[in-house]
1. Using the Karplus curve 6.51 cos²θ - 1.76 cosθ + 1.60 with θ = phi - 60°, what ³J(HN,Hα) values do you get for each residue of the range 194-205, in whole Hz, with x for Gly and Pro?
2. So how many Å³ per residue does the convex hull of the Cα atoms of the chain work out to?
3. If you take the charge dipole of the chain about its Cα centre, with +1 on Lys and Arg Cβ and -1 on Asp and Glu Cβ, which of Pro169, Val142, Ala41 is farthest toward its positive end?
4. Between the range 173-191 and the range 1-36, what is the C-alpha centre distance in whole Å?
5. May I ask which residue of Leu70, Thr80, Pro53 lies farthest towards the positive end of the charge dipole of the chain, with charges of +1 (Lys, Arg) and -1 (Asp, Glu) on Cβ and the Cα centre as origin?
6. With angles folded into 0 to 90 degrees, how steeply does helix 3-17 sit against the dominant principal axis of the chain? Use alpha carbons for both and round to 10.
7. Taking 2.2 N^0.38 Å as the expected size of a compact globular protein, what ratio does the Cα radius of gyration of the range 47-120 give against it, to two decimals?
Amino acid sequence: MTAKRTKEIIELLDEHYGTAMAVYLHHQDAGQLLIATILSAQCTDARVNSLTPDLFRKYPDMEAFAAADLKELEQDIRPTGFYHNKAKNIIAAAQKIVKDYGGKVPSDIDELVKIPGVGRKTANVIRGNIYDEPSIVVDTHVKRISWRLNVTDEKDPEKVEFDLMKKLPKDHWILWNLQIIAFGRAICKAQHPLCDQCFLVKYCREEHKNFRAKP
């Protein structure tokens, strides 16, 4: 993938989706975004957003989550799926944040990934959207579509992250995730991409297979 082709893709994404930094998970602070991101694993943002207003009223800060009853929290977040592990990770994460960071979610990625339930994806969501640290978030959409568009040859999420850092301008690191999520949900779907509607189809490495745009 040449720099010129990457620039063309970015310009088309900007044209279609704009450049507003709008995170899809509703939150008011770093702690809420961290919890919402944990809940969003294998769950839609819409479902998480429908649950978190009541959840954050019941547990208004990290201290409240740290003191939560495990079984009760499991039921509070049950609609998001995988609620046993999510509840365990949320309580453990909150306890570490309260104990080691005074209740404030850290901004350093090396500290963030020490928190239970927080990998590089969640850490970069926090860094990019709360602390304005240029970060690339590699979720399933970014991993799949960055490869399809031939922006990276990597498949491992961490390798994709570092490769995209080399390929994309820093002012689009966060935007890439937001725009690619919108693109992946509307057009470049995992199983049945709508290639006849795709404004990036000429850049797709799979266009010549089952994904050819209709004439």
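1. My calculation for the range 194-205 gives 8, 5, 6, 9, 7, 8, 10, 4, 5, 9, 7, 6 Hz in order.
2. Output value, Cα hull per residue: 119 Å³.
3. Result: Val142.
4. Using only Cα atoms, the two centres lie 9 Å from each other.
5. Positive-most Cα among the choices belongs to Thr80.
6. 60
7. Scaled against compact globular proteins, the figure is 1.08.
Bear in mind these aren't lab numbers, they're just calculated from the coordinates by the rules spelled out. Please read all numbers here as calculations on a predicted model, not as lab measurements. Positions of Cβ are generated from backbone atoms using ideal geometry, with glycine treated the same way; all protein chains shown enter the neighbour counts.
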